């Protein structure tokens, strides 16, 4: 195994110079640094990360905190896309990523601070935590740097990444209006989560642009659950048979709406157009293929990792990044038959 002593001997410099050159210190002449790097590469040197962490007193480890290991619905690939984005950026920056879950930690009686300390985590990204999860408040109050995905939080140690939820909802409603729909219902997540509030805002704005009166009775909450969306949609469509289109705050809920419509004997999309939100992988395989608002989940994770690691490295860091989405028109929408 090649050590920095071997590199120092081959490059005819001190061990200290090799160490400082390979660790990026700016007090090493650039020509010398490059010569050391060339020697290290030729000798196929691989740094001992454990030793490096002991010297720098940094773990080079970030955490991705979710509510649970995997979503309860296997159709939901949102978190996996975020994980891919976080891991890609962290790996390129020579950071390790640890995935841990708030629900499991709470069952063990552990606090957020204990989780970070036990795993020597330098910073944390949160994704998928409920708006009332106790860990969110602990994160906001902690000195450990963190980045929230889809939860607004901005101070000296935190940043925030999300999609442009209001704009996405607005585009969905505009699309339905452009097809001739006027009776447009909305299945939302809940009435407190940030993304639900933003998507409700976009839904209302879309109606207002088209001079369609907002009717709160045509809005139902399904808590991002497919089964709940199916049940609420049956109630909605039976109470308001004039509805010709439904916009949903997630693809999973849109699938619930489609199932409800089929149970009631609707022909999709001729008798009911449906629009989702997220662009999960499965959305292109529904029957009919789901028109949806695309969120770049991978980019959200990648950007969150970039913000966090920049903060850990003392670089200038944005406190808020909003990532644009786009409407993907497939086969679940068409002009209303009636």
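The values are calculated or read from the model by the stated rules, or taken from the named source; none is laboratory data. Fair warning: this is a prediction, and the values are worked out from it, not measured in the lab. When we count neighbours, we look across all protein chains shown, and the Cβ atoms used for this are built from the backbone with ideal geometry, even at glycine.
Looking at 289, 254 in this structure, which one is within 23 Å of residue 222 (Cα to Cα), assigned to a loop (DSSP other than H, G, I, E, B) and within 27 Å of the chain's Cα centre (by Cα)?
Every option except 289 fails the conditions.
Go through (1) more than 30 Å from residue 313 (Cβ to Cβ); (2) more than 18 Å from the chain's Cα centre (by Cα) and name the single condition residue 189 misses.
Answer for residue 189: the failing condition is (2).
Scan the range 273-286 for residues that are under 23 Å from the mean Cα position of the chain (by Cα) and either in a strand (DSSP E or B) or more than 20 Å from residue 77 (Cα to Cα) (or both) and jot them down.
Scanning the range 273-286 gives 275, 276, 277, 278.
Is one or more of the residues making up the range 263-272 under 30 Å from residue 322 (Cβ atoms) and either in a helix (DSSP H, G or I) or at pLDDT 95 or above (or both)?
Among the residues of the range 263-272, not one is under 30 Å from residue 322 (Cβ atoms) and either in a helix (DSSP H, G or I) or at pLDDT 95 or above (or both), which makes the answer no.
Does at least one position in the range 107-116 carry a residue that is assigned to a loop (DSSP other than H, G, I, E, B), modelled with pLDDT of 90 or more and over 23 Å from residue 195 (Cβ atoms)?
no
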